[in-house]
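All remarks here apply to the structure that follows.
The values are calculated or read from the model by the stated rules, or taken from the named source; none is laboratory data. Predicted model, so just to flag it, every value in this text is computed and none were measured. No Cβ is skipped: glycine too gets one built from the backbone with ideal geometry, and neighbour counts run over all protein chains shown. Each accessible area value is taken on the protein alone, full model and side chains, heavy atoms only, with ligands, DNA and RNA left out. Shrake-Rupley method; radii C 1.70, N 1.55, O 1.52, S 1.80 Å.
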Amino acid sequence: MTPLSSTHEHLTNQAPTVHSLKVLTVNTHKGFSWLNRRFILPELRDAVRTLSADVVFLQEVLGNNDRHGQNIDNWPDAPHYEYLADTIWPQFAYGRNAVYPEGHHGNALLSKFPILHYENLDVSISGTEERGFLHAILDVPGQADLHAICVHLGLRERHRRSQLRLLCRLLDRLPPDDPVIVAGDFNDWLKRAGRRLDRCGLKEAFVTANGSPAKSFPAQWPVLCLDRIYVRNLTTHGPETLYRRPWSHLSDHAPLSVEVRF
């Protein structure tokens, strides 16, 4: 891959400068509640819309599933990321990671700002679960290119170490002064990712505010710190774990939100 450039022609030159934005990350659990008891994607969409987030990072979001489409009455015709975007987020990107006979799922990004470019990087370890980094470049008025990277790391520590090395290589390719947000499901219950990513210049929102990552899993009784929001060349303010109703019943992960300032 060739290095990404910071010389894109911006699409929002006439808009007022944006000094802050709200970020949300949520593992959608393919649109089902804890233990797959109910299809709750319509409720999740309603809840996400109440937060007025500018950029939404999604993991385990379905692009297609023919079997569910035939068996569930209120299954949407559109891919789940497009259904969630609705009329609120005019821009969206999807990175297909896992493919199976009835469909596929992966990471997605919803944005109120133009997406100038995106690519999905396969970071799967051979013979195990499929994983990817969805890297998008956003055109935020008055700011340098904003790099938004949605991640979902593996379940095994050895695999996560390899994937974190790949993430740092991606970060090394970016213009050093451009703002960066990396968010998603890190599956890092051992809390070892921070030391590695600190060397790449990333700072985690909840660690900065509280000294520790957020407890986000399982959503109804969060005890494990699986989800993160990291930034570079930005500051974070007011990080929040959304673990109360309705959020506790809309996925197996509690979503995280934070204000990011340039």
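Checking every one of the GluC sites (Glu not before Pro) in segment 45-118 against DSSP loop status and a limit of 16 other Cβ atoms within 10 Å picks out 102. Per the Cα gyration tensor, segment 189-262 maps to an equivalent ellipsoid with semi-axes of 22, 15, 8 Å, ordered largest to smallest. A straight Cα-to-Cα reach below 19 Å connects residue 203 with the lysines 22, 191, 215, residues fewer than 8 places away in its own chain not being considered. Normalised by 2.2 N^0.38 Å, where N is the number of residues, the C-alpha radius of gyration of segment 10-105 stands at 1.21.
Excluding ligands, DNA and RNA, what is the solvent-accessible area per residue of segment 46-156 at a probe of 1.4 Å, expressed in Å²?
Heavy-atom accessible area per residue stands at 40 Å².
Restricted to Cα atoms, the chain shows a radius of gyration and a Dmax of 17.2, 49 angstrom. Heavy-atom accessible surface of residue 88, to the nearest 10 Å², is about 50 Å², with a 1.4 Å probe and all protein chains retained.
For the chain, what % of the accessible area comes from carbon and sulfur atoms, probe 1.4 Å? Could you put the intermediate results ahead of the total?
Values: 5580 of 11810 Å².
Carbon-and-sulfur percentage of accessible area, whole number: 47.
Between segment 10-74 and segment 135-208, the C-alpha centres lie 20 angstrom from each other. Stokes-Einstein, applied to the Kirkwood radius of segment 108-262 over Cα pairs at a viscosity of 1.306 mPa s and 10 °C, places its translational diffusion at 99 µm² s⁻¹. Rounded, prolate or oblate: which one fits segment 62-164, using the alpha carbon gyration tensor with axes a ≥ b ≥ c (rounded when a/c is under 1.5, else prolate when a/b beats b/c, else oblate)? In terms of gyration-tensor shape, oblate.
Ligands, DNA and RNA aside, residue 243 has an accessible area near 100 Å² when probed at 1.4 Å. Charged neighbours of residue 26, selected by a Cβ distance under 10 Å, balance to -3 (K, R count +1; D, E count -1). In this simple spin-label model, placing a label point 7 Å from the Cα along the Cα-to-Cβ direction at both residue 78 and residue 173 gives a separation of 3.0 nm.
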